[in-house]
Structures are given as C-alpha cells and as structure tokens.
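Colleague: Okay, here's the structure, questions in a sec.
The values are calculated or read from the model by the stated rules, or taken from the named source; none is laboratory data. Values in this document were obtained by computation on a predicted structure and should not be read as measured data. Cβ: placed from backbone, ideal geometry, glycine included. Neighbour counts: every protein chain shown. With ligands, DNA and RNA removed, areas are computed over all heavy atoms of the protein, side chains included. Shrake-Rupley method; radii C 1.70, N 1.55, O 1.52, S 1.80 Å.
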Amino acid sequence: MKKQNDVYILGIETSCDETAASVVLNGRQVLSNIISSQIDIHKKFGGVVPEIASRNHIKVISQVVDEALESANITLRDIDGIAVTYAPGLEGALLVGLNYAKSLAFAYGIKLIGVNHLEGHIFANFLENFDLEPPFITAIVSGGHTNLVHVIDYGKYEILGSTKDDAIGEAYDKIARVLGLEYPGGPKIDELSKIGNENSISFPIVMLEKNSLDFSYSGLKSAVLNYINSCNMKGISFKKEDVAASFQKSAVSVLLKKSQLAMEKLNCTTLVLAGGVSANSYLRNEMIKLSNENNFRLFFPKPIFCTDNGAMIASCGYYKYLIGKFDGIDLNGKANLKLGES
Ligand code: KG4
Ligand code: ZN
C-alpha cells in the first residue's frame, strides 16, 4: 500500500552497453534492479559497437522495464516519475531508452525526468545508504570520464578537474586488450594484479602542473603499450600480472594524490567514489588507507551500483522530482553533454 509521501521512481538507462531499469523508493531504497548486459555480444569486437548496442537495447528494453516493475511489485499507475539517461553516451543507444521513457510518460501521464549519466553515477552512493548528504567531493572514474567534482548540494556541482585526454577506464580497457584479456578489461586487470608485483616496472605518474586537479592518462597508456611492444620486439618475456599491477599502481596513485589535494583545497572531509572503475579492489583499498590517514569519511557504491544501472538514475530523478525539475516530451538525447550543463 502506497504511503502518502512515498515517491516511486522508475529509472531507465541505455547510454552504453547495459539496458537497465529499476524502481527506487524515496531516492534510496532499491525495490528492483534489472540489468541486461551486452558484454558477451561486444566481447568478440574487443569493445562496444554503437550500432549493435542500439539494436540490442531495442530488442530487450520493454522486457527489462516490465521485469523491473514486476520484481518491485508495482504497476506504472503507482509510479510518480520516470527518470531516464538523456546524456552523455552513445547517441543511438541513448535515444532508445529516452524514447521508451517518453512514450511511457506520455501514455500514462507520468512526469518525465531527464538525468545526466555522470550525475547518476554520483547518486549510486545514495542507494541503500542513508548516511551520506552533500557537501562532499567525488571522484568519478568510468570508461568515459575522470572527474573530480565538488557536490555542493543535490544537483549543484563545481567541476574541480577532468581528464585532458583518455579516461582512466579507457586506459584499463586498452591495456587489457593488448595483454590479451577480454573486454571489459578493467575487472580482468583488477583480478590479474592481485598476483602481480606492483613495484616491478616503473610507469610514469602524470600529475600535470603543480596543484592541477586535471588528469591525463594517455601518457601512462602509451608508456605501458610501448613497454609491451618493445618486450615483444626484443623477444623479452614479461609477466602480464606485473604489467597489470604496475600500471594500476601508477593510475591509482595519481587519483589518490589529486583527491587528497582537492579535499585539502576545499577543506572537505567527505570523499565519495563513483563510476565503473570505483569497483576496483586496489583503488578501494588505497582510498580506505588514504581516508584513514587523513580522517576523511569515505563512501563508495556497492559493486553492482558502480557500473551502469537504472537505480542510480532513479535516485537522481527522485531529487529532481522533489524540486519539480521535470522535462517535456521534446527532451532530446545529447551525446557530449558535461556534468552541470543542460
Ligand atoms: O561506469 P561504467 O559502467 O560506464 C561508463 O559510464 O563509462 O564504467 C565502465 C568502465 C570500464 O572501463 C570498465 O573496464 C571499468 O569501468 N571497470 C573497472 C572495474 N569494473 C569496471 N575498472 C577497473 N577495475 C574494476 N573492477
Ligand atoms: Zn557509466
């Protein structure tokens, strides 16, 4: 039975290779979380093929949304808002979820709420967690983005730094590919590194200008690829696990240093991790150490909420619902939108 102030949001996410839908109660309580991953389809191409991603979203979206409603034991009549990722991401993929959400909202007279995917990743931290409130600093680390963001309040952001070239997840995936590991490479490097020696190869730690909170991962990526190529050319054998662990040490230590700098600059005490790479076990452990040493409160999402899902979109949608930030039926997909832009 629906209580008077309860708000049920259906979240829909199709920005890349996951077709996902979820029902979230009052922004934090996850009632269902259905994710149909296309990893097995894209694996053979070594990465996501946009056209194939769109076609597969079309195939499964209605079933995924139905399952999310069914397993939450709710019908569309009781849904207060439909939150959907409209940016950034693969244009064709975004349009599938967006048009599905628009059709449902129109047909059932439900409020439509467009959500920025990156904003969604931040809100993954509110899922099943009733302790976290803004302000805080978040490191968004995913396949497409590396950002340090000051979350001043719900929906109010100040970008402190971003990547000048490759995203951290992109570097993980590329290096994994060259090491012969399957897509997506991040989790594979995570596992392999556990048996490797992180001090065996010294890869660059790219900090850019003094006190800069921006990132650059292309130099590190090239250094690792050059190391592998040159070993192969000279016929020198190397241990994949040592390359993986040494790469990971460099990639993560930049993130640790810049997160600490951002926390000090803004005199902030709450640090939050978000995005697919925040599922990484080495990153989590190192961030725990950093937080203990500096007395930061540290939050990261449950692993299932780190990578793309509909629940984080629903959570973000809930806070927009509370302030009446709704969208019209003319809402369009925006492949390249940044956080804080509309
Ligand atoms: O957030 P996400 O699902 O999609 C984007 O918005 O980009 O992130 C996907 C990225 C991929 O690059 C994947 O390799 C990486 O997150 N990833 C990981 C781990 N799990 C996922 N990287 C390192 N370690 C992991 N355990
Ligand atoms: Zn994502």
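Colleague: Being in a loop (DSSP other than H, G, I, E, B), open to solvent by 80 Å² or more (accessible area, probe 1.4 Å) and over 21 Å from VAL65 (Cβ atoms) is the filter here, so list the residues in the stretch 314-333 that pass it.
Modeller: Matches in the stretch 314-333: ILE323, LYS325, ASP330.
Colleague: Tell me which residues, restricted to the stretch 191-221, are touching a strand residue (DSSP E or B) at 6+ places or on another chain (Cβ under 8 Å) and not aliphatic (A, V, I, L, M).
Modeller: SER212, ASP214, PHE215, SER216, TYR217
Colleague: Given the options SER202, SER162, name the one that is in a loop (DSSP other than H, G, I, E, B) and touching a Ser or Thr at 6+ places or on another chain (Cβ under 9 Å).
Modeller: Criteria check complete, one pass: SER202.
Colleague: Considering only the stretch 42-65, I want to know if a residue exists there that is in a strand (DSSP E or B), closer than 23 Å to LYS302 by Cβ and open to solvent by less than 40 Å² (accessible area, probe 1.4 Å).
Modeller: At the first step, the residues of the stretch 42-65 found to be in a strand (DSSP E or B) are none.
Taking every residue of the stretch 42-65 in turn, none turns out to be in a strand (DSSP E or B), closer than 23 Å to LYS302 by Cβ and open to solvent by less than 40 Å² (accessible area, probe 1.4 Å).
Colleague: Restricting to the stretch 207-234, what's the tally of residues that are part of a helix (DSSP H, G or I) and under 23 Å from the mean Cα position of the chain (by Cα)?
Modeller: Going through the stretch 207-234, the residues part of a helix (DSSP H, G or I) turn out to be 218-234.
Next cut, under 23 Å from the mean Cα position of the chain (by Cα) only: 218-221.
Residues in the stretch 207-234 being part of a helix (DSSP H, G or I) and under 23 Å from the mean Cα position of the chain (by Cα): 4 in total.
Colleague: Hey, can you tell me all the residues within the stretch 1-35 that are assigned to a strand (DSSP E or B) and of a type in the set (D, E, K, R)?
Modeller: GLU13, GLU18, listed by residue number.
Colleague: Could you list, in sequence order, the residues of the stretch 258-294 that are outside any strand (DSSP E or B), among the small types (Gly, Ala, Ser) and either free of Cβ contacts under 8 Å to residues at least 60 places away in the same chain or within 17 Å of ILE140 (Cβ to Cβ) (or both)?
Modeller: Correct list: SER259, ALA262, GLY275, GLY276, SER278, ALA279, SER291.
Colleague: Which condition breaks for PHE106 when tested against (1) within 16 Å of ligand 1 (Cβ to nearest atom); (2) part of a helix (DSSP H, G or I); (3) open to solvent by 40 Å² or more (accessible area, probe 1.4 Å)?
Modeller: All conditions are met except number (1).
Colleague: Limited to the stretch 295-313, what total is found for residues that are open to solvent by less than 10 Å² (accessible area, probe 1.4 Å) and not in a helix (DSSP H, G or I)?
Modeller: Count: 2.
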